[in-house]
Amino acid sequence: LIPYSNIDRPVFWGRDAEIRHFYQSATASTAPQILIIYGARGVGKTSFLQAGLLPYLELDHKVIHWQCAVDKAMPPIPQNHAKQPIFLILDAPSPTSLTQVTTHLYKSLSVEPNLKILLLLPTDEVESWEEAFHQLQLFFKAFYLPPLGLKAIQQIIKGGTKNQITGRTVLLRPALFN
């Protein structure tokens, strides 16, 4: 399956409650610097991020996608001269890079207070990442992304029907944060 991207936002339906909850939790002044979104493989974590959450985060935050490859130098953490909050996104980093990544993040978080790390992980890998964060005494919060329920599926069907009836791509639901 190909995940939804930010251009698919007008037709991404069924996750409004989860998007709202995560956005409010992640941007709260009391939110930890490390946030984990986890769920079963194929549940839609990448679509949730790209088509659901990022369009809202990008309004007030700098968002950077960070790729980390095993046995390669870690990418530098961006300097934040404007003091704008930064979300650093790691989508399903390799479990073999866990020690290398967590150590690099530990150093970076101590230097950059406006940095937040957003990890997308499959359920079976969450425990090892949480353990690594505990060992480094890094605070985090994990959010479970469940499979779509009946109401979400109904919203998807109704939303898709509305788009077909109007014949144009528009955001048909009310604003998410009203």
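The values are calculated or read from the model by the stated rules, or taken from the named source; none is laboratory data. Computed from a prediction, not measured in an experiment: that's the story for all the values here. Every residue, glycine among them, receives a Cβ derived from its backbone with ideal geometry; neighbour counts consider all protein chains shown. Ligands, DNA and RNA are stripped out before the accessible areas are found, and what is left, the full protein with its side chains, is counted by its heavy atoms. Shrake-Rupley method; radii C 1.70, N 1.55, O 1.52, S 1.80 Å.
The table that follows gives values for the structure above.
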| quantity | calculated |
| --- | --- |
| Selection within the stretch 39-51 - free of Cβ contacts under 8 Å to residues at least 60 places away in the same chain, outside any loop (DSSP other than H, G, I, E, B) and open to solvent by 10 Å² or more (accessible area, probe 1.4 Å) | Ser47, Gln50 |
| Test: residue in the stretch 23-38 that is over 29 Å from Gln137 (Cβ atoms), out of contact with any Cys (no Cβ under 6 Å at 6 or more places or on another chain) and part of a helix (DSSP H, G or I) | no |
| Residues being crowded, with 16+ Cβ neighbours inside 10 Å and free of Cβ contacts under 8 Å to residues at least 40 places away in the same chain - total across the stretch 107-119 | 2 |
| Test: residue in the stretch 133-142 that is outside any helix (DSSP H, G or I), surrounded by fewer than 17 Cβ atoms within 10 Å (Cβ to Cβ) and of a type in the set (D, E, K, R) | yes |
